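Everything below concerns the one structure shown next.
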Amino acid sequence: MMCFKAIIALLTIGVISAEVFFEEKFENENWKNDWIYSKHPGKEFGKFIHSAGSFFNDAEADKGIQTSQDARFYALSKRFDGFSNEAKPLVVQFSVKHEQNIDCGGGYVKLFDCSLDQTDMHGESPYEIMFGPDICGPGTKKVHVILSYKGKNHLINKDIRCKDDVYTHFYTLIIKPDNTYEVLIDNEKVESGNLEDDWDFLAPKKIKDPNASKPENWDDKATIPDPDDKKPEDWDKPQHIPDPDATKPEDWDDEMDGEWEPPMVDNPEYKGEWQPKQLDNPNYKGAWEHPEIDNPEYSPDDNLYLRKEICTLGFDLWQVKSGTIFDNVLITDDIELAAKVAASVKDTQSGEKKMKELQDDVQRKKDEEESKKNTENHDEEDDDDDDENVDSKNESEDNGHDEL
């Protein structure tokens, strides 16, 4: 019985300890009262509008903030009670919808400590975490995971591909106290690993022994030229020869045009540069590997995961073509809660696709009718031109009869 009570107590503690540090669903226009635009000099920042976009699953529930001006930087942030993720997971999650079929622009968020001056936030402002999709042309379609360590930003060493369609997608970053991480898109894990292995936070554990070098007599050539192989006497042939089928043009004048020479063509007998055949090298020792030693500059850190203070979330990005909608922002230590929130994405995408298909069908019919109308107008113009030509001809004939 005591054991059962202990289990219940532990479960209760676990439930109580789970926290939501920040949540923003942009449910109404009041979001403008809490979010602050940067006024950093030298840049004209774009504005966000409250919208569910042109196609959606739920007209109200799907409203977020949407970039509204092309070719602009955006700098918007909101402060909340500061927290540390010491000894607990950190989950950063939000949804992105590039309904404009984005060609070049960011869709990520940044997390800052409490020292950020929100009215002066800009691209060089120090941050703790940068996470989310970034697209620019066909070559850049990645999920950024950048973590700050000792004042320097470190980009993940892995290439994580983001979604590049026009529908809503949830992006989730989970950082755990055991220095492991996961990246999920639409509740499906797309990458995971160890912070030390996948970021260059620390010096390498091993380095090449500076006192070691390849022995002078080390032979790392797998093959050697056959010393008994000789070049055939008839090997050397010119690469190009005069075209044997060419003849001097009949109108060629040697005095005027100079001495005629046939054009050059590839020589079918040309064999290229002669190389002796190769034999296995009896002295081959394999590729020499530089021995490694423990790196004296390596120092392990069990707190790579730790963010001592986070209290501001910002959208600090550039977009060539606007229209991206951000929504469902969640920062918590509750992994299960984040998964439940992101589970709604399938229904959202299904509703968006149905509405967009209907819109596309209407537009397609409209385009067909417009094209048909233009064709009919063109045909009518051609008929009018024909009538005018006939009238002109008849008028000319009538004038001719009058003269007669």
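No lab work stands behind these numbers, since they all come straight from the coordinates. The model shown is predicted, which means the values in this text are computed figures rather than measured ones. Ideal geometry is used to build each Cβ from the backbone, glycine not excepted, and the neighbour counts take in all protein chains shown.
Report the extension gain between E370 and E233 in nm, rounded to one decimal, defined as 0.36 nm multiplied by the number of residues separating them, less their alpha carbon distance.
Result: 41.6 nm gained on full extension.
Taking θ = phi - 60°, what integer Hz values does the Karplus form 6.51 cos²θ - 1.76 cosθ + 1.60 yield along the range 181-188, in sequence order, with x for Gly and Pro?
Karplus values, whole Hz, x for Gly and Pro: 8, 9, 10, 10, 10, 6, 6, 10.
May I ask you to give the average projected area over all directions of the convex hull of the Cα atoms of the range 86-163, in nm² rounded to one decimal? Before the final figure, lay out each step's value.
Details: hull surface 27.1 nm².
About 6.8 nm², averaged over all directions.
Using the Kirkwood radius over Cα pairs, work out the Stokes-Einstein diffusion coefficient for the chain at 4 °C and 1.567 mPa s, in µm²/s as a whole number.
45 µm²/s
Let me know the whole percent of all Cα-Cα pairs from the range 32-115 that are separated by more than 21 Å.
So the portion of pairs separated by more than 21 Å is 43 percent.
Three principal axis extents, largest first, for the C-alpha atoms of the range 228-369, in Å?
So the extents along the principal axes, rounded to whole Å, are 88, 74, 29.
Assuming 1.002 mPa s and 20 °C, estimate D for the range 15-158 with Stokes-Einstein, Rh taken as the Kirkwood radius over Cα pairs, in µm²/s.
125 µm²/s
From Cα coordinates alone, what are the radius of gyration and Dmax values for the range 166-300 in angstrom?
Considering the range 166-300 through its Cα atoms, Rg and Dmax are 32.9, 91 Å.
Would you please state which residues of the range 61-85 a label at T119 would reach in this model, taking the label point 7 Å out along Cα→Cβ and a backbone N cut-off of under 16 Å?
Output list for this probe position: 76-79.
Please list, in order along the range 34-49, the HN-Hα scalar couplings obtained from phi with the Karplus expression 6.51 cos²θ - 1.76 cosθ + 1.60 (θ = phi - 60°), rounded to whole Hz, x for Gly and Pro.
Those phi angles translate into 9, 9, 10, 7, 6, 10, 3, x, x, 9, 9, 7, x, 9, 9, 10 Hz.
Past the 21 Å Cα-Cα mark, which pairs from K97/K353; K163/K366; K189/K340; K189/K356; K142/K206; K308/K340?
Check vs 21 Å cut-off fails for K163/K366; K189/K356; K142/K206; K308/K340.
Semi-axes, largest first, in whole Å: what does sqrt of 5 times each Cα gyration tensor eigenvalue give for the range 144-239?
Ellipsoid half-lengths, sorted descending, are 52, 26, 12 Å.
Report the calculated FRET efficiency for M264 and D220 (r = Cβ-Cβ distance, R0 = 51 Å), to the nearest 0.05.
With a Förster radius of 51 Å, E is 0.75.
Please report the orientation-averaged projected area of the range 71-228, defined via the convex hull of its C-alpha atoms, in nm².
Numbers: hull surface 67.5 nm².
Approximately 16.9 nm², given one-decimal rounding.
Normalised by the residues of the range 123-219, what does the relative contact order come to in percent, with Cα pairs under 8 Å and at least six apart?
Taking the mean separation of contacting Cα pairs over the length of the range 123-219, I get 17 percent.
For the range 176-231, compute Rg over Rh where Rg is the Cα radius of gyration and Rh is the Kirkwood radius from the inverse mean 1/r over Cα pairs.
1.40
Dipole size in debye (nearest 20) for the chain around its Cα centre, Lys and Arg Cβ +1, Asp and Glu Cβ -1?
Numbers: 48 positive and 95 negative charges, 1112 e Å.
Charge dipole of the chain: 5340 debye, to the nearest 20.
Describe numerically, in nm with one decimal, the distance between label points set 7 Å from Cα along Cα→Cβ at D302 and at Q275.
With each label placed 7 Å out from Cα toward Cβ, I get 5.7 nm.
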